[in-house]
Amino acid sequence: MLKTKTIKILELEGLNVENSQKIFTEYGEFEGSENEWKFVIEHYAGNPSALEVVAARIQDGLGEIYLNL
């Protein structure tokens, strides 16, 4: 008799604008219009890890590369 295994899927949502901005403030001061913030956050699907990388790269002067993908 074959045993089957159950797979469970947990669908995660990305961070909203407010929580995403909190990540950025950990790396310095950032400014942008509401539309600019939404663009960046939606581009990276609100993924906290991706947003941390982007914030760090912007502070290093490499952010334009990441924002113009």
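What follows draws every value from the coordinates through simple rules; no lab data is involved. This one's a predicted model, so the numbers in the text were calculated from it and none came from an experiment. Here Cβ is always computed from backbone atoms with ideal geometry, including for glycine, and neighbour counts include all displayed protein chains.
Do me a favour and compute the ellipsoid semi-axes for the chain from its Cα gyration tensor, root of five times each eigenvalue, largest one first, whole Å. Let's see the in-between values first.
Details: eigenvalues 215, 34, 24 Å².
Semi-axis lengths for the chain are 33, 13, 11 Å.
Rounded to the nearest 500, what is the 222 nm mean residue ellipticity of the chain from helices alone, with -39500 (n - 2.57) per DSSP H run of 4+ residues and division by all residues? Provide the component values of the computation, followed by the final result.
Working: 4 runs with 36 residues, N = 69.
Result for the chain: -14500 deg cm²/dmol, rounded to the nearest 500.
Mind checking the angle between helix 34-43 and the chain's longest principal axis? C-alpha axes, 0 to 90 degrees, to the nearest 10.
40
Restrict the search to segment 1-45; then list the GluC sites (Glu not before Pro) that DSSP places in a loop and that have at most 15 other Cβ atoms within 10 Å of their Cβ. Write out the running numbers ahead of the final one.
On the way: sites: Glu11, Glu13, Glu18, Glu26, Glu29, Glu31, Glu34, Glu36, Glu42; in loops: Glu11, Glu13, Glu26, Glu29, Glu31.
Loop-located and lightly packed - Glu11, Glu13, Glu26, Glu29, Glu31.
Sort Leu15, Leu51 by Cβ crowding within 10 Å, fewest neighbours at the top. List each step's numbers first, then the result.
Working: Leu15 17, Leu51 24.
So the ranking, lowest neighbour count to highest, is Leu15, Leu51.
Expressed as an acute angle from 0 to 90° and rounded to the nearest 10, what is the orientation of the C-alpha long axis of helix 48-59 relative to the principal long axis of the chain?
20
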